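Enquirer: My questions all concern the structure below.
The values are calculated or read from the model by the stated rules, or taken from the named source; none is laboratory data. In this text, all values refer to a predicted model and were calculated from it rather than measured experimentally. Ideal geometry is used to build each Cβ from the backbone, glycine not excepted, and the neighbour counts take in all protein chains shown. These accessible areas exclude ligands, DNA and RNA; they are computed on the full protein's heavy atoms, side chains included. Shrake-Rupley method; radii C 1.70, N 1.55, O 1.52, S 1.80 Å.
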Amino acid sequence: MRSGIEMQTKDNAIVKAYHQDRIARFGQSTVEALGWKNEDSQRKRFQDFCDFADLNGKSVLDVGCGQADFYHFLTNRYRDLRYTG
């Protein structure tokens, strides 16, 4: 059985290799580098999140916010939103 530190190191290496490969294939500042199929699929996921509830006056914690694309999406739609990413 592996220790938590061994698993964390292995998991970190897997995530790092995944993103290094995506960046090499698609370029650093693309949604594809972050694992999205394309910009349309990213936008669809963001819209699905917004369809779930009215976010005015709410807080959003965006863990793993990448290039802050969700921030820009949200602030174009909601006047009163607290975003942490």
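Enquirer: With angles folded into 0 to 90 degrees, how steeply does helix 4-26 sit against the dominant principal axis of the chain? Use alpha carbons for both and round to 10.
Expert: 70 degrees
Enquirer: So for each of 31-41, 14-24 I average, over its residues, the number of other beta carbons within 10 Å; can you give me the resulting order with the highest mean first?
Expert: Result, highest mean Cβ count within 10 Å first: 31-41, 14-24.
Enquirer: Starting from the residue with the highest accessible area, list 75, 30, 84 in decreasing order, probe 1.4 Å.
Expert: Ranking 75, 30, 84 by accessible area, largest first, yields 84, 75, 30.
Enquirer: Say R0 is 30 Å: what FRET efficiency, to the nearest 0.05, do residue 20 and residue 53 get from their beta-carbon distance?
Expert: 0.25
Enquirer: Now for a separate question. Expressed as an acute angle from 0 to 90° and rounded to the nearest 10, what is the orientation of the C-alpha long axis of helix 39-52 relative to the principal long axis of the chain?
Expert: The answer is roughly 60 degrees.
Enquirer: Hey, another quick one. With every protein chain present, what is the per residue accessible area of the chain (1.4 Å probe, Å²)?
Expert: 77 Å²
Enquirer: So, with +1 on the Cβ of K and R and -1 on the Cβ of D and E, and no other charges, what is the size of the charge dipole of region 1-57 about its Cα centre, to the nearest 20 debye?
Expert: That gives a dipole near 280 debye.
Enquirer: Based on the Kirkwood radius over alpha-carbon pairs, what value in µm²/s does the Stokes-Einstein equation return for the translational diffusion coefficient of region 7-81 at 4 °C and 1.567 mPa s?
Expert: Answer from the Stokes-Einstein relation: 93 µm²/s.
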